[in-house]
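Input: a single structure, listed below in structure tokens.
The values are calculated or read from the model by the stated rules, or taken from the named source; none is laboratory data. The model shown is predicted, which means the values in this text are computed figures rather than measured ones. With ideal geometry, Cβ positions are generated from the backbone for all residues, glycine too; neighbour counts draw on all protein chains shown.
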Amino acid sequence: MAMLPRDYVERVYAGVLGKIIGVYLGSPFEGWTYERILRELGPIHGYVNERLGRPLIVPDDDIAGTFTFLRAMADYRHDPALTPAQIGQTWLNYLIEGKTVLWWGGMGNSTEHTAYLRLKAGVAAPESGSIARNGRVVAEQIGAQIFIDGWAMLAPGDPARAADLARRAASVSHDGEAIYGAQVLAAMEALAFVERDVDALLDAALALIPPDCLIRRLIDDLRGWRARFDRWQDAFAQVQAHYGYDKYGGNCHMIPNHAVIILALLYGGHSVSEALSVANTCGWDTDCNSGNVGCLMGIKEGLAGLGLDHDWRGPVADRLYLPTADGGRTVTDALSEALRVVEMGCALADQPFDAPKGGARYHFCLPGSVQGWLADDGPAVCATRLANVMMPGQPTDERPAARCLAIRFEESQPERPARVQRETYPAYVAPGSGYGMVAGPQLYAGQRVTATLLADAANAADVEARLYVRWLGAAEQPGITTGPSSRLAPGQSAEIAWNVQTEPGALITWVGLELCTQRSATGTVYLDTVHWGGVPAAELVPARPTHSRWVKAWVSAVHQLFAAGDHPLRLVHNSGLGMALQGLREWQDYKVSAQLVPHLAQSFGIAVRVQGLRRYYALRLTLDGRAQLLRELDGTLVLAECACPWALYQSSNLALTAVGDHLWASVNGVPLFDVRDEALSSGAVGLLIEEGRLGVDWVQIAPAAEQA
């Protein structure tokens with residue numbers, strides 16, 4: 001049994017934070033040259049997004065690809081022999097063509113889009129990314145290394161295993177020197193869990209790639225320049241002269257950017273800030289290079305290294321977006337994603353993984369973590385600050401369960417409460433990223449939210465605490481609804497709970513906690529956990545036409561998805577199978593029913609336990625007048641079928657229930673199928689249309705128990 005480092009969890013979290021910090025730092029000036037950066041921004045020593053009128057937290061391929069492709073390990077049951085072909089299937093499962101994760105630049109122009117088109121056409125990895133298929137220039141672009149960090153974090157202290165995983169993952173879309181560069185970075189990051197010396201990391205990584213490859217020669221040159229030049233700027237001049245963009249073709253070649261990463265590590269030493277400054281001031285693919293450097297430096301220097309001389313973490317507040325076909329996970333945070341990496345790493349090492357605080361959604365279990373919670377700074381609330389601290393009265397041994405979120409408010413009163421909140425659905429994403437955004441809600445009306453709190457013993461007054469949600473109503477107007485209040489005396493703890501309520505048809509965009517006192521007072525309340533789960537009883541498409549946000553709440557993998565006068569929702573798909581998805585991967589036992597009107601279709605239907613575009617159960621009606629219950633999982637398996645006539649322009653009421661390994665289905669109230677299958681245990685819901693147009697009158701979901 002492999003032994004994981006004692007501080008494995010913390011270092012993975014630091015690596016994830018370093019990755020997203022680096023990407024956000026470099027994203028606003030991606031593609032700029034060194035000369036332009038010096039001229040317009042000067043040396044990069046902190047976030048410049050505000051100077052350039054750009055948002056800080058944006059969807060970005062470097063982040064989304066890293067934590068999406070890695071899901072292959074969990075989806076294929078943590079198999080140590082995971083293959084490139086299975087990782088390629090993961091691309092097809094989670095990517096929505098033209099919309100999510102990648103730069104969709106076209107065949108032969110975007111390396112990843114080229115590989116995706118190969119996969120879609122049935123060319124399995126690693127051939128999908130090979131030089132033989134795509135040519136050397138396309139195959140040796142930068143993507144192999146920008147998506148590689150997660151694989152390294154699955155193999156802490158084991159550079160050989162990390163390099164092997166990197167090879168498998170990178171070969172889906174890349175080949176040649178691009179794979180060697182990815183292996184170097186993965187090996188260095190894996191060894192950085194137990195080794196801080198950059199030269200030792202490089203020596204171990206270089207032993208794992210061919211001695212005569214270009215990546216090896218480049219790194220040897222950089223180490224020689226590091227010994228020769230005290231200033232990184234002089235060494236970078238050599239990089240520009242010998243390994244610049246003018247010598248390596250394509251849109252964003254691996255070689256020049258790999259050189260920048262190694263340069264930043266050699267000159268950054270043990271300073272996260274200095275390494276990030278070098279990587280970003282050099283220019284070229286700044287968000288990619290900075291993300292890789294940030295991840296490695298985060299692993300190597302730990303959480304303490306991320307805050308030594310600059311507040312990198314505060315503005316980010318752990319926030320990130322992962323827009324994929326798994327829309328319920330789009331809005332996420334660095335700690336949640338780190339723990340998913342840790343869970344996979346533990347499984348590979350055959351070691352147990354214990355979810356913090358009983359699996360609470362928000363638990364703040366590591367130093368500095370806020371998991372995307374922010375203080376409401378609107379005009380109707382009092383000044384409030386957040387800090388991750390040890391829970392009062394707990395042992396000071398830094399156990400994960402002992403940490404919490406301290407909410408410190410000033411001069412609270414009934415008409416000016418303190419409010420802290422977490423986004424649950426991105427009702428608005430500011431422009432500024434070239435990458436697509438899709439998302440579904442994480443929280444629905446009718447679900448029960450719980451929070452555990454402790455009032456500070458030094459508070460001068462009792463605190464009234466209540467949960468609340470912000471939402472968009474039927475006319476897209478914002479609203480807020482609060483739950484019942486609970487009074488906490490100084491030193492008192494409590495669990496508060498609320499069955500969430502909104503106006504009909506509202507979309508919940510934020511969940512929050514409101515605190516106030518009956519007289520003006522300053523105090524602190526410690527937020528230990530926030531959680532909700534289970535399947536809602538809800539209308540996912542209301543029976544009456546509603547606002548466009550309900551349409552956008554469906555993750556669209558069809559050519560057109562919109563509200564129409566004849567139906568609240570209309571799906572149009574030109575070729576092949578299209579889907580619209582909503583819900584969370586964690587949903588297990590439920591019934592979905594829908595009234596559907598086909599206007600043209602090869603087939604149409606509904607799906608349950610949807611885990612992407614190629615993992616689900618579905619009830620569909622086919623053009624030849626048959627009903628099928630099928631399982632989609634690396635291929636289509638028809639579990640049951642029978643005759644079931646239907647007609648264009650006429651509504652059909654489809655219902656599909658899943659409880660445990662039991663599936664049963666009906667059409668127009670007539671039971672058709674009752675089967676057992678245990679392959680998929682949880683997932684979201686979906687609507688299916690194959691080559692045509694489908695009207696949706698309503699969709700309903702409800703929890704289900706075993707059918708008698």
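Worth a mention:
- Test: residue in the range 197-204 that is hydrophobic (A, V, I, L, M, F, W, C), over 19 Å from LEU165 (Cα atoms) and outside any helix (DSSP H, G or I): no
- Note on the range 300-333: among residues that are in a loop (DSSP other than H, G, I, E, B), acidic (Asp, Glu) and within 14 Å of GLU274 (Cα to Cα), the one that is farthest from the chain's Cα centre (by Cα) is ASP309.
- Within the range 579-603, the set of residues being within 14 Å of GLY695 (Cα to Cα) and touching an Asp or Glu at 6+ places or on another chain (Cβ under 7 Å) comprises GLN595, VAL597, ALA601, SER603.
- Residues of the range 455-512 that turn out to be at positive phi and small (Gly, Ala, Ser), as a count: 2
- Flag for LEU680 being surrounded by fewer than 21 Cβ atoms within 10 Å (Cβ to Cβ) and either at pLDDT below 95 or not in a strand (DSSP E or B) (or both): yes
- When the range 367-390 is limited to residues that are within 23 Å of the chain's Cα centre (by Cα) and not in a loop (DSSP other than H, G, I, E, B), the one that is farthest from PRO315 (Cα to Cα) turns out to be ASN388.
- Output for the range 61-89, where each listed residue is touching a residue at least 24 places away in the same chain (Cβ under 8 Å) and among the hydroxyl-bearing types (Ser, Thr, Tyr): THR66, THR68, THR83
This table checks each residue for (1) in contact (Cβ under 8 Å) with a residue 60 or more places away in the chain; (2) farther than 20 Å from ILE146 by Cα; (3) crowded, with 19+ Cβ neighbours inside 10 Å; (4) among the polar types (S, T, N, Q).
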| residue | (1), (2), (3), (4) |
| --- | --- |
| VAL278 | no, no, yes, no |
| GLY294 | yes, no, yes, no |
| GLY298 | yes, no, yes, no |
| PRO352 | no, yes, no, no |
| TYR362 | yes, yes, yes, no |
| ALA375 | no, yes, yes, no |
| GLY378 | no, yes, no, no |
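Here is a yes/no grid of residues against (1) at pLDDT below 95; (2) among the hydrophobic types (A, V, I, L, M, F, W, C):
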position: ARG11; (1), (2): no, no
position: ALA14; (1), (2): no, yes
position: ARG36; (1), (2): no, no
position: PRO55; (1), (2): yes, no
position: ASP62; (1), (2): no, no
position: ARG71; (1), (2): no, no
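- Pairs are defined by a Cβ separation below 6 Å, a sequence spacing of at least 6 or placement on different chains, a first member in the range 96-115 that is at positive phi, and a second member that is assigned to a loop (DSSP other than H, G, I, E, B) and buried (at least 22 other Cβ atoms within 10 Å of the Cβ); the pairs so defined are VAL101/LEU95.
- ARG466 modelled with pLDDT of 90 or more, over 19 Å from SER369 (Cβ atoms), charged (D, E, K, R) and in contact with an Asp or Glu (Cβ under 8 Å, 6 or more places away or on another chain): yes
- Subset tally (residues that are in contact (Cβ under 8 Å) with a residue 60 or more places away in the chain and either touching a Cys at 6+ places or on another chain (Cβ under 7 Å) or of a type in the set (S, T, N, Q) (or both)) for the range 645-662: 2
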